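Peer 1: Starting off with a structure, shown below.
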Protein chains: 2
Amino acid sequence: MVAARAGVSTATVSLVTNGKTAGRVSAENIAKVQEAVAELGYVVDGLGSSLAKGRSNIVILVAPDVSNPFFANVIAGVREAIGEAYQLLLSVTDAGLTPSPADVRNLLSLRPAGLLVDAPSAQFLAELPSAGPMVLMDAAGVASDAPSVNFDVAQGAGMLADHLASLGHRTVAYIDSVTGTETFRVRREAFYRGARVHGISVAADVATTIDMGASALAFAQAWPGWAAQGVTAVVCCTDTHAYGVLQEARVARLGVPQQLAVTGFDDLPFSQTSNPGLTTVHLPANELGRAAGQQLLRLLAGETIPVPGLMLESTLVVRGSTVTAS
Amino acid sequence: MVAARAGVSTATVSLVTNGKTAGRVSAENIAKVQEAVAELGYVVDGLGSSLAKGRSNIVILVAPDVSNPFFANVIAGVREAIGEAYQLLLSVTDAGLTPSPADVRNLLSLRPAGLLVDAPSAQFLAELPSAGPMVLMDAAGVASDAPSVNFDVAQGAGMLADHLASLGHRTVAYIDSVTGTETFRVRREAFYRGARVHGISVAADVATTIDMGASALAFAQAWPGWAAQGVTAVVCCTDTHAYGVLQEARVARLGVPQQLAVTGFDDLPFSQTSNPGLTTVHLPANELGRAAGQQLLRLLAGETIPVPGLMLESTLVVRGSTVTAS
DNA sequence: CTGAAAGCGCTTACAG
DNA sequence: CTGAAAGCGCTTACAG
């Protein structure tokens, strides 16, 4: 340890750099060490430190799909919350798949300070080796005793059903995601429930990956059948799916919203500028990341979380894809 | 080391788990160790391993702005390339700012196997402590002898100028980014060059953060002046900026493209469904990540990179924001 | 208040 | 082919 050249022992240096000087190091030595650290540009080696402490200062964020733009805001929120003290490690897999238990084992061998798990499937959680501090994000409907931050998607889905009913829609189709993620199950079930209340029938139900192209294709194939059944609105489980439908509707010269109403979930920034603007259930991505990061920080500080299941409000944003612009 | 219970020494186990058995461990012992590893579910501790080896298996991706959806595709590309062998650590700062030297020091203390630096400023690179294997991404115009993967933005910017000239535009405005990132300088200069060739004058030049709202506001304030100068097209340095202009144009009841043409750079997925579709310079984000990841992998394998400055083609995608849809 | 020593879990010359 | 030993850079009881 180079900074021992300040004329003190490595132990003293370690105490100072860790801020554990309270009544253990003389003011004089603290100053000496700080000076030496500054001069040498010394920075504590993360590896050695972590090994000695038994855990690293890395927070791992496990997520099914970073390439979803929605997720970028979640990441930003997490970063805001955890700040400088921890490094954010992103564990991502392709196309909405959850990491395998083997992946997680490898991750865990880095001895993360904590885990943030976004949109986990029930199976993933069941297979997860008990892993120290952990906060779940967007895990509505998943049984777990880990603290979690969720969207109240049911609320938004209900408002969406109300909205469509008030516009007179009687028969709609639903485009779901193929991932086994619980949040999509909750979105679907909550919407079905709301639809039933209003006597709206859901004629059909297809699922694709979270990808505009896949969704557009699925819609193109299904539309003739749906039209025959009298479908007047397509409810998509994400905005990305909805963009695909909008695109295909334009190709097919279908008037939106006159001939077909389209809705999404997420409220990505682009839903404001899409053609037409997309009516969607707004989910506060940034707040999700921020709240989960804060929860984890508390957990790491040894606090117990007062409200284990934090709920973030969802709201319906009405735009041109369901109502004609004024 | 628990698996030593296979009846051999820790050294032998280490040899086996690292695949360095060639002519050094008997087949019998290899089998014994593998069996024990499987039974105990043992996985090499990343911390201890890294400390002994002197470097970790973490690849750090330093980027100015993850919340740019463009970047999600870059990340996906990097992941595809580096695969299972390395963990991807994301170092991000807010709103297009580059990490400080102190941030980087902290990162480096994790002893990353390699560094991937996206869209660095010249200053950032100058301050970067010499840091082992490193690949630059989207660093056009930055002097460095590190291998790099860049977009040929000049090509696309030239095509954009050609396109606007062919449509008869004589006076345009340019919306730039406030970040000191070199790529934006290159985009701007290449477009200015192309404009000059065609006798197009760039009447004005404003800069905002990469944010729809900021861009919309800047446009709203500047438009009266620009209109007075005869501006008929706004060229934006990112699609995100362009979305802001599109939104504000709609608010102001400006017909796009009749009264005002709008263009971007990036070709985000949403540029297909925006209102109208956005004419933009397509930059292959996924390929950027993939190519950079592959370069780094070679570097880590001790190979020398044959082509230090890999160039990825950019192309112009023409949509409804510059030409009336057929 | 301070320093010598043990130990975190692994890897790698080294001697056999 | 194999194992005992040193060492990676730090932290933390422990004895003074």
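Peer 1: Using Cα-Cα distances under 8 Å and only pairs 6 or more residues apart, what relative contact order does chain B have, in percent?
Peer 2: Answer for chain B is 18 percent.
Peer 1: Sum up the charges of everything whose Cβ sits under 13 Å from the Cβ of A:LEU115, counting Lys and Arg as +1 and Asp and Glu as -1, but leave A:LEU115 out.
Peer 2: Result for the neighbourhood of A:LEU115: +1.
Peer 1: Anyone know which of B:PRO69, B:PRO120, B:PRO306 comes out most mobile in the 10 Å Cα GNM of chain B?
Peer 2: Looking only at B:PRO69, B:PRO120, B:PRO306, the biggest GNM fluctuation is shown by B:PRO306.
Peer 1: How big is the gap, in Å, between the Cα center of segment A:265-283 and the Cα center of segment A:1-73?
Peer 2: Using only Cα atoms to place each centre, the spacing works out to 44 Å.
Peer 1: Ignoring ligands, DNA and RNA, what accessible area per residue does chain A give at 1.4 Å, in Å²?
Peer 2: Here the per-residue accessible area is 40 Å².
Peer 1: Let me ask another. With only Lys, Arg, Asp and Glu charged, each at its Cβ (+1 for the first two, -1 for the last two), find how big the charge dipole of chain A is about the Cα centre; round to the nearest 20 debye.
Peer 2: 180 debye
Peer 1: In square angstrom and rounded to 100, what buried accessible area do you get between chains B and A, total over both, with the probe at 1.4 Å?
Peer 2: It comes to approximately 4200 Å² buried between B and A.
Peer 1: What's the percent breakdown of Cα-Cα distances in chain A across 20 Å bins, shortest bin first?
Peer 2: 29, 44, 19, 7, 0
Peer 1: Then there is this: May I ask you to order A:84-90, B:16-22, B:244-250 by the average number of other C-beta atoms within 10 Å around their residues, highest value first?
Peer 2: The packing order, highest mean first, is B:244-250, A:84-90, B:16-22.
Peer 1: Sticking with this one: Dipole of chain B (Lys/Arg Cβ +1, Asp/Glu Cβ -1, origin at the Cα centre): which of B:HIS163, B:ALA36, B:VAL234 lies farthest to the positive side?
Peer 2: Ranked along the dipole, the leading option is B:ALA36.
Peer 1: Expressed as an acute angle from 0 to 90° and rounded to the nearest 10, what is the orientation of the C-alpha long axis of helix A:182-197 relative to the principal long axis of chain A?
Peer 2: On a 0 to 90 degree scale, this one is about 30.
Peer 1: Can you list, shortest first and in nm, the gaps between the label point of B:LEU167 and those of its counterparts in the other copies, using a point 7 Å from Cα in the C-beta direction?
Peer 2: List, nearest first: 3.0 nm.
Peer 1: Oh, and also: Student exercise: in the protein assembly as shown, how many lysine pairs 8 or more apart or on different chains have Cα atoms under 21 Å apart?
Peer 2: The number of close lysine pairs in the protein assembly as shown is 5.
Peer 1: Return the average number of partner chain Cβ atoms within 10 angstrom of each residue Cβ along peptide B:36-45.
Peer 2: Rounded to a whole number, the mean comes out at 2.
Peer 1: On a C-alpha basis, how far is the centre of segment B:226-249 from the centre of segment A:151-175 in Å? Whole number, if you could?
Peer 2: If we compute the Cα centre of each part, the gap is 35 Å.
Peer 1: Additional query: Can you give the Rg and Dmax of segment B:153-284 based on its C-alpha atoms, in angstrom?
Peer 2: Cα radius of gyration and Dmax of segment B:153-284 are 13.0, 37 Å respectively.
Peer 1: Moving on to the next point. Just flag the GluC sites (Glu not before Pro) in segment A:269-326 sitting in loop per DSSP whose Cβ has no more than 12 other Cβ atoms within 10 Å.
Peer 2: Those satisfying the criteria are A:GLU303, A:GLU313.
Peer 1: Further, regarding this structure: In degrees between 0 and 90, to the nearest 10, how far off the longest principal axis of chain B does helix B:69-82 point, with axes built from Cα atoms?
Peer 2: 30 degrees
Peer 1: Using a label position 7 Å from Cα in the Cα→Cβ direction, what is the ascending list of nm distances from B:ALA143 to the same site in the other copies?
Peer 2: Listed shortest first, these distances are 6.5 nm.
Peer 1: Using a 1.4 Å probe on the protein chains only, how many percent of the accessible area of segment A:2-44 belongs to carbon and sulfur?
Peer 2: Whole-percent figure for carbon plus sulfur exposure: 51.
Peer 1: Let me ask something else about it. Please check segment A:253-287 for residues whose accessible area, probe 1.4 Å, is lower by 30 Å² or more when all protein chains are in place than in their chain alone.
Peer 2: Checking the loss per residue gives A:PHE270, A:GLN272, A:THR273, A:ASN275.
Peer 1: Using alpha carbons only, how many degrees (0 to 90, rounded to 10) separate the axis of helix B:285-300 from the longest principal axis of chain B?
Peer 2: That helix lies at roughly 30 degrees to the long axis.
Peer 1: Also, I was wondering about something else. Along the Cα-to-C-beta direction of B:LEU167, a point sits 7 Å from the Cα; which residues of segment A:233-274 have their amide N less than 19 Å from that point?
Peer 2: Within reach of a label on B:LEU167: A:273-274.
Peer 1: Using +1 on the beta carbon of Lys and Arg, -1 on that of Asp and Glu, and nothing else charged, what's the dipole of segment B:99-165 about the Cα centre, debye to 20?
Peer 2: 300 debye
Peer 1: While we're on this one: Divide by every residue of the protein assembly as shown the summed helix terms, -39500 (n - 2.57) for each DSSP H run of at least 4, and state the resulting mean residue ellipticity at 222 nm, rounded to the nearest 500 deg cm²/dmol.
Peer 2: Rounded to the nearest 500, the figure is -13000 deg cm²/dmol.
Peer 1: Now for a different question. Inside 10 Å of the C-beta atoms of A:74-86, what's the mean count of C-beta atoms belonging to other chains?
Peer 2: Across the residues of A:74-86, the mean count of other-chain Cβ atoms within 10 Å is 2.
Peer 1: I would also like to ask the following. Would you mind telling me the share, in percent, of accessible area of segment A:153-284 contributed by carbon and sulfur at probe 1.4 angstrom?
Peer 2: 53 percent
Peer 1: About the Cα centre of segment B:153-284, how large is the charge dipole given +1 on each Lys and Arg Cβ and -1 on each Asp and Glu Cβ? Please answer in debye to the nearest 20.
Peer 2: With Lys and Arg at +1 and Asp and Glu at -1, about 340 debye.
Peer 1: B:HIS282: accessible area at probe 1.4 Å, nearest 10 Å²?
Peer 2: Roughly 60 Å² of B:HIS282 is accessible to a 1.4 Å probe.
Peer 1: Note every residue of segment A:105-134 with a reduction of at least 30 square angstrom in accessible area, all protein chains present versus the isolated chain, computed with a 1.4 Å probe, or write none.
Peer 2: A:ARG105, A:ASN106, A:SER109, A:LEU110, A:ARG111
Peer 1: Identify, among B:GLY302, B:GLN221, A:THR273, the residue whose Cα sits farthest towards the positive end of the charge dipole of the protein assembly as shown, taking +1 on the Cβ of Lys and Arg and -1 on the Cβ of Asp and Glu, with the dipole about the Cα centre.
Peer 2: B:GLY302
Peer 1: Once the label point is placed 7 Å from Cα along Cβ, list for B:ALA204 the distances to the corresponding points in the other copies, in nm, shortest first.
Peer 2: Spacings between copies for this position, smallest first, are 5.0 nm.
The values are calculated or read from the model by the stated rules, or taken from the named source; none is laboratory data. A quick note: this is a predicted structure, and the numbers were derived from the prediction, not measured. Ideal geometry is used to build each Cβ from the backbone, glycine not excepted, and the neighbour counts take in all protein chains shown. Heads up: the accessible areas ignore ligands, DNA and RNA and are worked out on the full protein's heavy atoms, side chains in. Shrake-Rupley method; radii C 1.70, N 1.55, O 1.52, S 1.80 Å.
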